[in-house]
Ligand code: HEM
Ligand code: HEM
């Protein structure tokens with residue numbers, strides 16, 4: 001039952017990733033189409049800091065970070081757990097993946113928070 005719930009979440013976050021990553025790509029790769037701005041300007045440090053101060057962008061990035069990390073790491077766990085592991089090793093894999101996820105989330109959230117509270121350049 002628990003495994004079904006974890007797998008369902010892995011599938012349910014796919015549309016979330018598709019939408020948020022689409023928005024991210026609109027900013028990073030299609031800025032001339034959607035924002036009338038060159039790609040170089042869109043990835044400029046000052047532009048990035050300016051964007052980072054928006055609450056909407058803060059929410060989008062935290063959600064994309066969580067959804068992408070969960071989907072990617074759950075998928076990776078699934079691949080590793082197909083190996084013939086002892087129950088003890090399977091537990092080590094689970095805790096290892098969870099630890100990696102929490103650490104990357106903390107780093108990503110910190111970076112996003114840092115740009116959110118940045119006074120600007
Ligand atoms: C819109 C973007 C994405 C779509 C449509 C998508 C779709 C899927 C689907 C349908 C599966 C198979 C699920 C299953 O049957 O259990 C899957 C598995 C997986 N996805 Fe994604 N995914 C996306 C983004 C990502 C991203 C960004 C990552 C990495 C961070 C990622 C990593 C993985 C991994 C590692 C697996 C497991 C592969 C396996 O079991 O062989 N995916 N994805
Ligand atoms: C070549 C492709 C990509 C480029 C050029 C790119 C560029 C950037 C840039 C410049 C930022 C800083 C914020 C901003 O300026 O808006 C950022 C943040 C971020 N990107 Fe991407 N990105 C790419 C692909 C991806 C993919 C595939 C994902 C997820 C599957 C992703 C997830 C994120 C997240 C979650 C953040 C927030 C920062 C953080 O959590 O540390 N990006 N990206």
### Message
Condition (residue is assigned to a loop (DSSP other than H, G, I, E, B) and either away from ligand 1 (no atom under 16 Å from the Cβ) or modelled with pLDDT of 95 or more (or both)) applied to region 47-61: is it met by at least one residue?
### Response
yes
### Summary
residue 37 meets each of (1) part of a helix (DSSP H, G or I); (2) within 23 Å of residue 121 (Cβ to Cβ) with one exception, condition (1)
### Message
Condition (residue is free of Cβ contacts under 8 Å to residues at least 24 places away in the same chain, within 11 Å of ligand 2 (Cβ to nearest atom), surrounded by 14 or more Cβ atoms within 10 Å (Cβ to Cβ) and assigned to a helix (DSSP H, G or I)) applied to region 74-91: is it met by at least one residue?
### Response
no
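The values are calculated or read from the model by the stated rules, or taken from the named source; none is laboratory data. As the structure is a computational prediction, the values presented were derived from the model and not from experiment. Heads up, the Cβs are rebuilt from the backbone with ideal geometry, glycines too, and the neighbour counts pull from every protein chain shown.
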